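To start, the structure under review is shown below, and the notes come after it.
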Amino acid sequence: EITFSGTAVMGVGDNGDSLDNSARSVMETYLTATASGETDTGLSFGLESTFATYTTDDEEFTDDGTSVFISGAWGKLSMGDVTEADEMPGSFSDIGGLSGLGVDDVAETYTGDEAAGEFDRESHDVNYTYSGGALTAAISAQIGAQGDLDGEGDGYALGLKYSFGDAYVGIGYNDDGVDAYTDVAGSATTLYAGGTFGAFGVKAMYTDFSADTGSILPDGEAFGLHVSYTVEALTLMAQYAQSDAENPVSFENYEAFGVGAAYDLGGGASVVGGVAQITDWDRDDETVWEAGFSFSF
Amino acid sequence: EITFSGTAVMGVGDNGDSLDNSARSVMETYLTATASGETDTGLSFGLESTFATYTTDDEEFTDDGTSVFISGAWGKLSMGDVTEADEMPGSFSDIGGLSGLGVDDVAETYTGDEAAGEFDRESHDVNYTYSGGALTAAISAQIGAQGDLDGEGDGYALGLKYSFGDAYVGIGYNDDGVDAYTDVAGSATTLYAGGTFGAFGVKAMYTDFSADTGSILPDGEAFGLHVSYTVEALTLMAQYAQSDAENPVSFENYEAFGVGAAYDLGGGASVVGGVAQITDWDRDDETVWEAGFSFSF
Amino acid sequence: EITFSGTAVMGVGDNGDSLDNSARSVMETYLTATASGETDTGLSFGLESTFATYTTDDEEFTDDGTSVFISGAWGKLSMGDVTEADEMPGSFSDIGGLSGLGVDDVAETYTGDEAAGEFDRESHDVNYTYSGGALTAAISAQIGAQGDLDGEGDGYALGLKYSFGDAYVGIGYNDDGVDAYTDVAGSATTLYAGGTFGAFGVKAMYTDFSADTGSILPDGEAFGLHVSYTVEALTLMAQYAQSDAENPVSFENYEAFGVGAAYDLGGGASVVGGVAQITDWDRDDETVWEAGFSFSF
């Protein structure tokens, strides 16, 4: 028989070591599997295996899929691999349904974990979200300069979402807190709108990015639209995304368009697939595709 | 309380990035542990930890113990860390019972995950197996040049097994798909036979390897025999394996012989041990041994 | 639905390879998660993911949180990430309650996994413990020179604990088994005493370290005291630790003092925090602190 137990800590502190000189976020989780058995003569045997996660004391902050939270009527405080607050109002899904073809990444050039392509503009480890009626408000931050970019500091983001019926509008803002003269410093403001209208679904986002003086990124804007149509078990999707830098040099203009489909087999299984035409940091007007199965348990 | 959920995708696609220029297999799995609790005053707290596996988009294909499947009357399609089809008819167990002493690896010089010693001749990520009555047929492949060998391409293998009573015969074939002029290219045909006859068990395999022109491996053959005898809780085992290269230079002739025992303590526990005399890529006529406990839960 | 199964082996052996030339401890664990589902038309799908641990065949022995055991009236034999026997009688907790501020590490300069600061004096992979009435005795060892220090050999430790009522006394001894002329070789004897007296708790330890001739560590001693006071849900803690080298050069004298508090919220949650003044291998009379939540599931 195998059973699980766990512990977690979350908080802030200053450990005074040579890596940082100010308060930083602290989070650790320990998930322990315990297996036990008994021989015919009554000897006990077993194993104990602990899966430990240290999100915030690594030099490089890791979005490793682990988070800890405490919540009440006052809202929810999370640490670890949290949602960046400016993405809360309406983050996109991608085309393809397997690994994803990356159409959404073009629209999210300046927002979220993938922001700024190979750079790492925004990667937060603390999130506080409050929901009251139709309104949801969130703030997220990276506490302590634990990142791998020179001069990286305390970045933060804000998000606000208003829902009415099956539709929503929202706004998000992020400031990466990195050092302008060596990195991708700037702030991004994003507008979101979307909803489900019968068989149709739509999601749109527009980001305006304002670079700090000295940033290696120029000013720019990004736009994305995702539409879907569902009839019985079949859902068809199309997505367009564009990212324009005002003065592109090392950071070019990107564009992506894709169509996809998912057919629900029931029980948590789907047949999925998609094809897209993508120009981004890694691909120059290439046609990409994927097709297969998606399962949930 | 700790609960688990999961998702998985499997399929094929072309992501158009600089690592590969053709279709490759796509597989990802996400296993999520969710822990929750409640304080005396009704606050909720918890953790969520996701263990993610990306089998096929790493530069180096990883046999990491993760696979995904879909199956029906038409057979079973698996992706990830799958059985190489030419090993399906009758792969060996090893002598020792702990980490294993490596006697079987000599017989499997040209087949399976360990093929070609420190080289990596065969490591597949897709398997399709069909069983109909006494007959089992399988095909496996590596789709996309994601391996770490120069010129590695799409390798594949076939296997066929016929069972009668407690005995079986089978045949397997693999072609590694690597570039002959830099690597260990060639094809291997393997015959299998074995069965359980009262207290006795026997497994045998013989492989004929035909190197491609320019391969750093010469032609060769490998042979293995594993016999066992069980009386009540005690099982005794002996294994002999030999691998002969036709024109050995960098790839020498190997030979291994071992004996082992396992005593079943009941409840999933055994006392195990073995000793072997081995000449292979790492050991020159050395006596190796191991002894201890084996548990299953 | 997701279910778990597992296997484990533990023992000793000699694999004859180029890494070691004598018996070494052998331990492997495999924990497997199996997920399954069924589509509306009756197709089966699933995933299988195995988390494997090889504690002892890595070049660097890893305290990775995984252990295997077999136990009976004769005691308990463990392998993997085990308690060093000389720490068994009374290891400390730290101040802070999150990652811990490191006050205890100063008292444990010569004992346990953290022994000798950045060095790795003691890290065992086998432990045998016997408990009979008030007496507990333990022996632990590292079998086989698998460590990363030049000349590292078979280290071992002994521990003895006598309990009376809610109090205890104990003694521990360790010898690291490393090569004196290149490393931190020596032996450490530690006395322990402590207990719970109503609302008060106390734990004390004193270690005398005797360096081998040629060790880069001088002779030294370390001392630690941890006191606590609990009133209803609140526990207050104070800890003092000191480590003195007789002839300090590269290995300085350390001192640490800290106070902490934990407030039990019920259900496995606590508010925790602490502050300490620490001089050790990484910090020179620095004030460090942490505060937050601690959860168990």
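The values are calculated or read from the model by the stated rules, or taken from the named source; none is laboratory data. From a predicted model like this one, the values you see are computed outputs, not experimental measurements. Cβ sites come from the backbone with ideal geometry, for glycine too, and all protein chains shown count toward neighbours.
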Anything in segment C:190-249 that is over 14 Å from C:F92 (Cα atoms), crowded, with 19+ Cβ neighbours inside 10 Å, aliphatic (A, V, I, L, M) and in contact with a Phe, Trp or Tyr (Cβ under 8 Å, 6 or more places away or on another chain)? List them, or say none. C:L217, C:A245
Can you work out which of the residues in segment B:152-174 that are without any contact (Cβ under 8 Å) to a residue 40 or more places away in the chain and small (G, A, S) is nearest to B:Q142 (Cα to Cα)? B:G155
Show me the strands (runs of 3 or more DSSP E) entirely contained within segment C:193-297 in which 1 or more residues are away from every other protein chain (no Cβ under 14 Å). C:200-211, C:220-231, C:234-245, C:254-266
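Would you please name the residue that is modelled with the highest pLDDT, looking only at residues in segment B:15-45 that are of a type in the set (D, E) and under 30 Å from B:D154 (Cβ atoms)? Even if it seems obvious, please write down each step before you answer.
Within segment B:15-45, the first condition is being of a type in the set (D, E), and the residues that meet it are B:17, B:20, B:28, B:38, B:40.
Of the ones still in play, those that are also under 30 Å from B:D154 (Cβ atoms) are B:17, B:20, B:28.
Numbers: B:D17: 65, B:D20: 53, B:E28: 90.
So, considering only residues that are of a type in the set (D, E) and under 30 Å from B:D154 (Cβ atoms), the one modelled with the highest pLDDT is B:E28.
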Taking A:A241 as the residue in question, decide whether it is farther than 22 Å from A:D166 by Cα and in contact with a Leu (Cβ under 8 Å, 6 or more places away or on another chain). yes
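Kindly indicate whether A:T279 is farther than 22 Å from A:S91 by Cα and not aliphatic (A, V, I, L, M).
Values: farther than 22 Å from A:S91 by Cα: no; not aliphatic (A, V, I, L, M): yes.
Considered against the rule, which asks whether it is farther than 22 Å from A:S91 by Cα and not aliphatic (A, V, I, L, M), A:T279 comes out as no.
Can you spot a residue in segment C:167-188 that is of a type in the set (G, A, S), modelled with pLDDT of 95 or more and within 18 Å of the chain's Cα centre (by Cα)? Show your work before the answer.
So the first thing to find is which residues in segment C:167-188 are of a type in the set (G, A, S), and the list is C:167, C:170, C:172, C:177, C:180, C:185-188.
Restricting the remaining residues to those that are modelled with pLDDT of 95 or more gives C:167, C:170, C:172.
So of that shortlist, the ones also within 18 Å of the chain's Cα centre (by Cα) come out as C:170, C:172.
Within segment C:167-188 (the criterion being of a type in the set (G, A, S), modelled with pLDDT of 95 or more and within 18 Å of the chain's Cα centre (by Cα)), the answer is yes, since at least one residue qualifies.
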So A:L160 fits all but one of (1) in a strand (DSSP E or B); (2) modelled with pLDDT under 90; (3) among the hydrophobic types (A, V, I, L, M, F, W, C); what number is the exception? (2)
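Report whether or not B:E48 is over 17 Å from A:G292 (Cα atoms), at pLDDT 95 or above and acidic (D, E).
no
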Residue list for segment B:181-235, filter: in contact with a helix residue (DSSP H, G or I) (Cβ under 8 Å, 6 or more places away or on another chain) and of a type in the set (F, W, Y): B:F223
Please find, within segment B:250-274, the residue that is farthest from C:T3 (Cα to Cα) out of those that are surrounded by fewer than 19 Cβ atoms within 10 Å (Cβ to Cβ) and in contact (Cβ under 8 Å) with a residue 60 or more places away in the chain. B:E255
Across segment C:98-133, which residue is modelled with the highest pLDDT among those that are among the aliphatic types (A, V, I, L, M) and under 26 Å from C:S25 (Cα atoms)? C:V126
Can you tell me which residue within segment B:79-90, out of those that are of a type outside the set (A, V, I, L, M) and touching a residue at least 60 places away in the same chain (Cβ under 8 Å), is surrounded by the fewest Cβ atoms within 10 Å (Cβ to Cβ)? B:G90
